[in-house]
Amino acid sequence: MSKLVLNPDCGLYERKGRAYCSSRQMAEEFERRHDHVLRMIDDLTAPTSGVSAEFITLNFEASKYKDASGKQNREILMTKDGFVLVSMEIKGAKARKFKEAYIRRFNQMESFIKSLQAAKLEHPAFTDAIMNAHEEPKHYHFSNEADMINRVVLGMSAKQFREANGITKGESIRRYLTTEQIQAVETLQRVDIGLIVAIPDFQQRKEILTGYYEKIKLKKIA
């Protein structure tokens, strides 16, 4: 099963292009005991609840977490639709405020996932551009080009980012980026596809991409 990754911007989880919040997060935000939230979910997903089996399968997933003592405990992961269904059971003005905030976070997470997927879709074209730019492409041509973009956006290589964030060796770092970072990577990757063939000099390409990224940041500030 694919690893759940907590998005640093939205505070929600991502796996296989889907956003999730956990029953623990809901309990904390809505100031409820976790066992009460679990009981609420169990009631809503029971065969007699009236909620369709298809909806339950698509929007609720059993999971486990370790507490401070190392004990494995039960939790439930919910999609946006699952969260909305459960949150409807929680009443009060304060609860409405949390519902609105969570829906906004899910929408932000969807934007992040779209950018993540767009960057993946661009990658074959990025790889082809590197292949075409070298008579005998070497493995380091690909890693150097990708890390050039990482250094411009993150200030470090993928290896350094993994080490700084405790990410497993060889695992893609993109799921761990903020929305702004993944959108910048997506944009610079697309720009670099055109630059790779037109400008053979690596350092010159880096300078152009750095300048382009600085302009992007200035526009956002303005």
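The values are calculated or read from the model by the stated rules, or taken from the named source; none is laboratory data. Keep in mind it's a predicted model, so treat the numbers as computed, not measured. Virtual Cβ from ideal backbone geometry, glycine too; neighbours counted across all protein chains shown. With ligands, DNA and RNA removed, areas are computed over all heavy atoms of the protein, side chains included. Shrake-Rupley method; radii C 1.70, N 1.55, O 1.52, S 1.80 Å.
Where residues in the range 66-78 are in contact with a Lys or Arg (Cβ under 7 Å, 6 or more places away or on another chain) and closer than 11 Å to Arg24 by Cα, which of them is surrounded by the most Cβ atoms within 10 Å (Cβ to Cβ)?
Per the stated criteria, the residue is Glu75.
Conditions (1) touching a Ser or Thr at 6+ places or on another chain (Cβ under 6 Å); (2) modelled with pLDDT of 90 or more; (3) open to solvent by 40 Å² or more (accessible area, probe 1.4 Å), marked per residue:
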position: Arg175; (1), (2), (3): no, no, no
position: Ile182; (1), (2), (3): yes, no, no
position: Arg190; (1), (2), (3): no, no, yes
position: Pro200; (1), (2), (3): no, no, yes
position: Gln204; (1), (2), (3): no, yes, yes
position: Leu209; (1), (2), (3): no, yes, no
position: Tyr212; (1), (2), (3): no, yes, yes
position: Ile221; (1), (2), (3): no, no, yes
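Quick one: which helices (runs of 4 or more DSSP H) lie wholly within the range 50-142 and hold at least 1 residues that are of a type in the set (S, T, N, Q) and free of Cβ contacts under 8 Å to residues at least 40 places away in the same chain?
The helices (runs of 4 or more DSSP H) meeting that bar are 53-59, 93-133.
Does Lys91 count as under 30 Å from Ile173 (Cα atoms) and open to solvent by 50 Å² or more (accessible area, probe 1.4 Å)?
no
Select from the range 35-60 the residues that are within 18 Å of Lys99 (Cβ to Cβ) and either among the basic types (Lys, Arg) or over 24 Å from the mean Cα position of the chain (by Cα) (or both) and list them in ascending order.
Hits for the range 35-60 are His36, Val37, Met40, Ile41, Leu44.
Scan the range 98-144 for residues that are farther than 30 Å from Glu28 by Cβ and within 16 Å of the chain's Cα centre (by Cα) and jot them down.
Residues satisfying the conditions are Ala118, Ala119, Lys120, Leu121.
Do we find that Thr57 is open to solvent by less than 70 Å² (accessible area, probe 1.4 Å) and of a type in the set (Val, Ile, Thr) in this structure?
No.
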